[in-house]
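The structure under discussion appears below in the form of structure tokens.
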Amino acid sequence: MPNPNPAALDFLLTRRSRPAKTLIAPAPTKDELDPLLEAALRSPDHGKLEPWRLIVLQGDALMRLANLAEARGEALGIDPDKIVKAHAQFANADLAVAVIEAPVISEKVPEIEQTYSAGAVCLQLLNAALAAGWGANWLSGWASHDRDFVQKGLGLAPHEKIAGFIHIGTERAAPPERPRPDMKDKVTWQST
């Protein structure tokens, strides 16, 4: 017989990301962030490979990434509006956690399953932050996929990738609810 947790289910049925541009200070302290990081690291991980790692970004580190995104965008000829948006993603943040996909060579666990595990870390951290009362948002963007940006800005090894940046802060104003998928359009039942 199941042992339900109605509060947890209600949270999942009503959870809502908070746009990063609406988050303000204060951001979680190290003591407030540690349990959220611990929750993120309890994500599904086939084979116990831990194919991910986290980089907590604050202060000057965020400004350095903002400036690097601007410089890389100009060098790559990225649309100026997209450069401004990438710069603001870091410059206007008080705290972001970079979730790094760090695949491990394994005969039993395909790399795609390790990618899914890194995505699960992103979602678990996002939901942990929201459950703790913080505003949080999962972002990536063009800079996340630029090798020079991730290597110079975050020291990623050639086999590592950004799974996402989880921005966490104080919620300025709750966003309005948005339309959600209709289950009848997305769920198929098979019994034979």
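Taken together, the values in this text are just the output of simple stated rules run on the coordinates, not laboratory data. If you're wondering where the values come from, they're calculated on a predicted model, not measured in any experiment. Here the Cβ is made from the backbone with ideal geometry for all residues, glycine too, and neighbour counts use every protein chain on show.
Values for this structure:
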read-out: Fully extended contour minus Cα-Cα distance, from W189 to K82, at 0.36 nm per residue; value: 34.4 nm
read-out: For W142, W189, order by how many other beta-carbon atoms lie within 10 Å, fewest first; value: W189, W142
read-out: Cα→Cβ-extended label distance, 7 Å offset, between A71 and H159, nm; value: 2.9 nm
read-out: Contour excess over end-to-end distance, with Cα ends at M63 and E171 and 0.36 nm allotted per residue; value: 36.8 nm
read-out: Simple label model, 7 Å out from Cα along Cβ direction - T115 to R180, nm; value: 2.8 nm
read-out: The chain: most fluctuating residue of D146, D60, D94 per GNM, C-alpha cutoff 10 Å; value: D60
read-out: Eligible lysines near K108 by straight Cα distance, threshold 23 Å, same-chain separation 8 or greater; value: K48, K161
read-out: Separation of alpha-carbon centers, the range 136-158 and the range 36-90, rounded to whole Å; value: 5 Å
read-out: Descending principal axes extents, the range 65-180, alpha-carbon based, whole Å; value: 47, 38, 26
read-out: Cα-projected label distance for K152 with K108, points at 7 Å along beta-carbon direction, nm; value: 4.2 nm
read-out: Nearest 10 degrees, 0 to 90: helix 59-76 Cα axis against the chain principal axis; value: 70 degrees
